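The values are calculated or read from the model by the stated rules, or taken from the named source; none is laboratory data. Remember, predicted model here, so these are calculated numbers, not experimental data. Here the Cβ positions follow ideal geometry from the backbone for every residue, glycine too, while neighbour counts run over all protein chains shown. Surface accessibility is based on the protein's heavy atoms, side chains included, excluding ligands, DNA and RNA. Shrake-Rupley method; radii C 1.70, N 1.55, O 1.52, S 1.80 Å.
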Amino acid sequence: MSIDEKTYGELREIAARYPQARSGLLPMLHLVQSTEGSVTPAGIDACAEVLGLTPAEVSAVATFYTMYKRHRVGDFHVGVCTNTLCAVMGGDAIHQRLTEHLDVGPDEIADKRQGDQYTVSVERVECNAACDYAPVVMVNWEFLDNQTPDGLVRTVEALRAGHPVASTRGPRICTWKQAERVLAGFEDGLADEGPAAGPASLVGLEIARDQGWTPAGAGVGAKGDSDD
Amino acid sequence: MSATLTPVLSATWGDERAWTLDGYRASGGYEALETARAMEPEAVVEMVKGSGLRGRGGAGFPTGMKWGFLPPLEDGKPRYLVVNADESEPGTCKDIPLLMASPHTLIEGVAISSHAIRAQHAFIYLRGEVLHVYRRLLAAAREAREAGLLGDLEITVHAGAGAYICGEETALLDSLEGRRGQPRLRPPFPAVAGLYASPTVINNVESIASVPAIVRHGSDWFADMGTEKSNGVGIFSLSGHVTRPGQYEAELGITLRELLELAGGMRNGRRLKFWTPGGSSTPLFTDEHLDVPLDFESVAAAGSMLGTRALQIFDETVCVVRAVLRWTEFYKHESCGKCTPCREGTYWLAQVLAKLERGEGSASDLDLLLDQCDNILGRSFCALGDGATSPITSSIKYFRQEYLDHLDHGGCPFDPAASTLFAQEATK
Ligand SMILES: Cc1cc2nc3c(=O)[nH]c(=O)nc-3n(C[C@H](O)[C@H](O)[C@H](O)COP(=O)(O)O)c2cc1C
Ligand code: SF4
Ligand code: FES
């Protein structure tokens, strides 16, 4: 497949956001993934052409970062956090249960069965800055907090069947390609979906409000306090 | 109880549509920007110096002093502000909730800080793996621009692509220039030659987000909180085997004992076994350290580092060897490959640890591990290599016998199922 004119235009648009065009390379590669489904040779050539680099230079950058895929992933790409804290809290068990259920390895897409609308794939991810919600699972880089093995299998089956699944702290989970387009810097109008914060983010604030604690001399939290 | 919580940055996280411009303005948002704009830039720098704010990204370098290192303005050489929103140190989970709930706190901080250092273009480098946070940041920057709040300041919100090392400030700059994220030789420091070889200030999200409150309430207000040399408030992130994990914003110097009391204690009344005070790169603490004041000086004096106040709490059901092996595999995976001690060293550390965890090898492997750590610590090109040795040396110091138990037992003597969240809920 070759890169179409619209995509070329958007690649140039990304490069133009920066004082030096090459700074656009990471978001440009995200855009390539959103149209190609992975970082393809055609996508590498297109980035190289727009930036005046060699394909080898672009490729050397692409292979450095784990979010860039050389093989296609599923429409819903599941990242189970198996860094220490999540692993201990159940991430290892969740990862094992899900890969056995789907019968997939690291670079594979689970078989699309009759009736499935969408495909899924699984990888282990490192700490995703949500340890207070452990065990954490990311689907297309949206948070699924406090997961269990059986619960995640049900969620993944719902995704395959095409049912809407909302992130714990975000909107209905979009496809991987749509997510990659946002990561290229193109807004999708979903910023206002989901809550401001999950419950764990608010525990300290709630205790402070219950106790009437505010930083000495500050009116910062006062407004919320008087509302209570 | 002596300790209280002091929500400053987190104060609005529970508000209605806290992430929107309207929501943020309802609690006085962007008033500090007006105040700052009426001040000379140098006066804002002095204010931040006077507050005693120290970098919240791990190293604790005084923020105002860092800004003061910029060389005098030269014709034609722009200055840049770069915000480090890469948050990837295992255990660290404070910047992401801040950005999700109140991205405008950061945007206002960026606008004030850019005014202070006379930067006309600021970049926010966000790790790529948090889609919804990126949406909120893009929207907040757009809203602020459309509302005319930014003047001639340009803010570019940039998504990374998965690499822990890009949190290291010079690797971040290379990555932001569209290259592999590998650390740069210093000097020159970024203040002199940073992004595009121009003078650049790089600060953590929480550091920059603290600036509006300092401008609003004054430097003394901030400086009066915390301890003598570690001023102000900070977000403490409790995770793991505590009853109520989450974000607790408190004055620096609070202890884990006090935080645990607020968090409802250890889950199911189990015993605290080990914890990280500032992420996985900071040497482990045990229940001996419950009363160490969590400020830069006291934690260092007790043999670790305050780091990012990422308190990962593990109870007695957890095998320390398993925990350390997993962190070591992380460092091996994330080593950027630029220098030999770290690239080769993390590989061998993981090999030896894996063998020990399987109950193979011998007691002399512990000395081998310590030897290998010696060859990495202080000899690596950046702090990732140093950090990789922290969990190993500290765990051998406090839990040598547990390593040996693996050899006697022919494998791990612990039941991994016992430490999961679901196992605990089942026994409630
Ligand atoms: C391997 C490594 C990873 C780091 N990751 C981060 C990070 O994710 N966020 C951050 O703010 N600082 C991180 N740092 C620290 C930065 O290099 C730098 O000290 C910090 O961004 C400076 O900001 P501050 O002075 O406001 O703390 C990391 C350092 C190392 C060595
Ligand atoms: S210490 Fe590790 S991460 Fe840092 S430069 Fe060396 S190889 Fe790269
Ligand atoms: S260890 Fe899983 S989110 Fe931090």
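Place a +1 charge on the Cβ of each Lys and Arg in chain B and a -1 charge on the Cβ of each Asp and Glu, then give the dipole magnitude about the Cα centre in debye, rounded to the nearest 20.
On the way: 40 positive and 54 negative charges, 133 e Å.
About 640 debye.
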* Structure fact -> By accessible area (1.4 Å), largest first, B:K66, B:K49 order as B:K49, B:K66
* Asked: With charges only on Cβ, +1 for K and R and -1 for D and E, what is the dipole size of the protein assembly as shown about its Cα centre, in debye, rounded to 20?
  -> 660
* A:W213 accessible area, 1.4 Å probe, all protein chains in place, Å² to nearest 10 -> 50
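For segment A:25-74, build the convex hull from the C-alpha positions and give me its volume per residue in Å³. Write down the numbers at each step before the final one.
Details: hull volume 3.2 nm³, N = 50.
It comes to 63 Å³ per residue, whole-number rounded.
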* So how exposed is B:T243, as accessible area in Å² (1.4 Å probe, rounded to 10)? -> 60
* Structure fact -> Sorted largest first, the C-alpha extents of chain B along its principal axes in whole angstrom are 69, 48, 38
* Using alpha carbons only, how many degrees (0 to 90, rounded to 10) separate the axis of helix A:25-36 from the longest principal axis of chain A? -> 80
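Tell me whether the protein assembly as shown comes out rounded, prolate or oblate; compute the Cα gyration tensor, take square roots of the eigenvalues as a ≥ b ≥ c, and use a/c under 1.5 as the rounded threshold.
On the way: a/c = 1.32, a/b = 1.07, b/c = 1.23.
Cα axes put the protein assembly as shown in the rounded bin.
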* Mean residue ellipticity (222 nm) of chain A, computed from DSSP H runs ≥ 4 via -39,500 (n - 2.57), nearest 500 -> -12000 deg cm²/dmol
* Can you give the angle from 0 to 90° between the axis of helix B:205-217 and the longest principal axis of chain B, with both taken from C-alpha atoms, to the nearest 10? -> 50
* To do: Rounded to whole Hz and in sequence order, give me ³J(HN,Hα) for segment A:3-16 from the Karplus expression 6.51 cos²θ - 1.76 cosθ + 1.60, θ = phi - 60°, writing x for Gly and Pro.
  => 7, 7, 4, 4, 5, 4, x, 6, 4, 5, 4, 5, 4, 6
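At 0.36 nm per residue, minus the direct Cα-Cα distance, what do B:E42 and B:F189 gain on full extension? Give it in nm, one decimal, please. Mind dumping the intermediate values first?
Working: separation 147, 0.36 × 147 = 52.92 nm, distance 2.10 nm.
Stretched out fully, the B:E42 to B:F189 stretch lengthens by 50.8 nm.
So if each residue of separation counts as 0.36 nm, and I subtract the Cα-Cα distance between A:Y8 and A:D107, what length gain in nm does that give? Don't skip to the end; give the middle numbers.
Details: separation 99, 0.36 × 99 = 35.64 nm, distance 2.84 nm.
Length difference between fully extended and current span is 32.8 nm.
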* Under 17 Å Cα to Cα from A:K6, which lysines show up? Leave out anything in the same chain fewer than 8 places away. => A:K177
* Using a cut-off of 16 Å between alpha-carbon atoms, which lysines can reach A:K112, once sequence neighbours fewer than 8 places away in the same chain are excluded? -> none
* **C-alpha long axis of helix B:383-409 to longest principal axis of chain B, angle in °** => 20
* What percent does the relative contact order of chain B come to when contacts are Cα pairs within less than 8 Å and at least six residues apart? -> 16
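Please compute one quarter of the surface area of the Cα convex hull for segment B:21-121 and express it in square nanometres. It would help to have the intermediate numbers written out before the result.
On the way: hull surface 29.9 nm².
Mean projected area for segment B:21-121: 7.5 nm², to one decimal.
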* What lysines sit close enough to B:K94 to cross-link, taking a C-alpha to C-alpha distance under 26 Å and skipping anything fewer than 8 places away on the same chain? -> A:K223, B:K49, B:K66, B:K229, B:K273, B:K332
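What is the sum of charges around B:G52, taking Lys and Arg as +1, Asp and Glu as -1, for the other residues whose C-beta is under 14 Å from the C-beta of B:G52?
Numbers: positive: B:K49, B:R54, B:R56, B:K66, B:K229; negative: B:E46, B:D220, B:D224, B:E228, B:E251, B:D295, B:E297.
The answer is -2.
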* Can you tell which of B:S10, B:S113, A:L31 lies farthest toward the positive end of the dipole of the protein assembly as shown, using +1 and -1 charges on the Cβ of basic and acidic side chains (Lys, Arg; Asp, Glu)? -> A:L31
* Asked: Of A:E57, A:E36, which has the most accessible area and how do the rest follow, probe 1.4 Å?
  -> A:E57, A:E36
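Quick one: net charge of B:I396's neighbours, Cβ under 10 Å, K/R +1, D/E -1? Mind dumping the intermediate values first?
Working: positive: B:K397, B:R400; negative: B:D367, B:E402.
My count for the surroundings of B:I396 gives 0.
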* Pull out a ≥ b ≥ c, the square roots of the eigenvalues of the alpha-carbon gyration tensor of segment B:285-343, then state rounded if a/c is under 1.5, prolate if not and a/b is larger than b/c, and oblate in the remaining case. => oblate
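With a 1.4 Å probe and all protein chains in place, put B:D295, B:D220, B:D408 in order of accessible area, largest first. Write down the numbers at each step before the final one.
Details: B:D295 5, B:D220 105, B:D408 130 Å².
The ranking, largest first, comes out as B:D408, B:D220, B:D295.
Given a 1.4 Å probe and every protein chain left where it sits, what share in percent of the accessible area of the protein assembly as shown is carbon and sulfur?
The value for the protein assembly as shown is 49 percent carbon and sulfur by accessible area.
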* **Whether chain A is rounded, prolate or oblate, judged on the alpha carbon gyration tensor where a/c under 1.5 counts as rounded** => oblate
* Structure fact -> Reported to the nearest 10 Å², A:M89 has, with a 1.4 Å probe, an accessible area equal to 0
